[in-house]
Ligand code: SAM
């Protein structure tokens, strides 16, 4: 079965290039113990986000959808001294687990978790002039992907990267009837119609199945 080979190769990649990581392993264990769904990014994907944020020297990072903070840890570790990450999370319980995981990882001082629906907290960030964010990672409720993309763009600067997770959905982006598939298509339409970004999407396979990321850079 292809998907089990995908998982085995992910394990190989993680073994060779990532290794045991006490804070990340503890975060996943704490998420499971708290009953959070295991819908975090995979270790190789988390490290990809980290590499991308580091490659542009991101000092301010925005995340939409924290869950237990697994991707948040990867991204916050990419920040230089004085860097800041704001992550937006609907569920208080998820935010509480994430706060403990981030504190254990020594990242509490550079991460702010804002609890609430992101469509409420994003306008507040804009009103506070909290941006510009150099890097945005969108990974929350998928029907709102195009809305989150519009906010990330509003809070960005030329050269910012905006990454959106789960845009392929085992191919259901093409004709899936569910709201998440429709959300993925709406995101592609929004990006296609947006002259201020240059973008692509990459299909991925691995321990989390067949999916993909959209990646956009804000034009200068
Ligand atoms: N980024 C995380 C990681 O890789 O470790 C996984 C995030 S999980 C796929 C999606 C998260 O988005 C959940 O924790 C969910 O509670 C949150 N969420 C759902 N609707 C939301 C909303 N309207 N505003 C903010 N967060 C939301």
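Annotations
- Where both bridge residues fall in region 2-218, DSSP classifies roughly 40% of the beta bridges as antiparallel.
- Ellipticity estimate at 222 nm from DSSP helix runs (n ≥ 4, -39,500 (n - 2.57)) divided over the chain, nearest 500: -13500 deg cm²/dmol
- Pairwise centroid distance, computed over Cα atoms, of region 118-157 with region 1-49, Å: 26
- Using distinct alpha-carbon pairs, which all enter the 1/r mean, Kirkwood radius of the chain in Å: 17.4
- Remark: 96, 10, 15, 211 ranked as 15, 96, 10, 211, counting other beta-carbon atoms within 10 Å and listing the fewest first.
- When each of 110, 169 is scored by the number of other beta-carbon atoms lying within 10 Å, the sequence from fewest to most is 110, 169.
- Residue 16-residue 3 pseudo-label distance in nm [points 7 Å out on the Cα-to-Cβ vector]: 2.5
- Relative contact order computed over region 2-218 (Cα-Cα under 8 Å; 6+ residues apart), in percent: 19
- Taking the convex hull of the alpha carbon positions in region 11-66 and averaging its projected area over all directions gives 4.6 nm².
- Net length available on complete extension from residue 170 to residue 112 is 17.6 nm, with 0.36 nm assigned per residue and the Cα-Cα distance removed.
- Counting every other Cβ atom within 10 Å of each residue's Cβ, 23, 120 order from fewest to most as 120, 23.
Bear in mind these aren't lab numbers, they're just calculated from the coordinates by the rules spelled out. Source: prediction; values computed, not measured. A quick note on method: Cβ atoms are made from the backbone with ideal geometry, for glycine too, and the neighbour counts reach across all protein chains shown.
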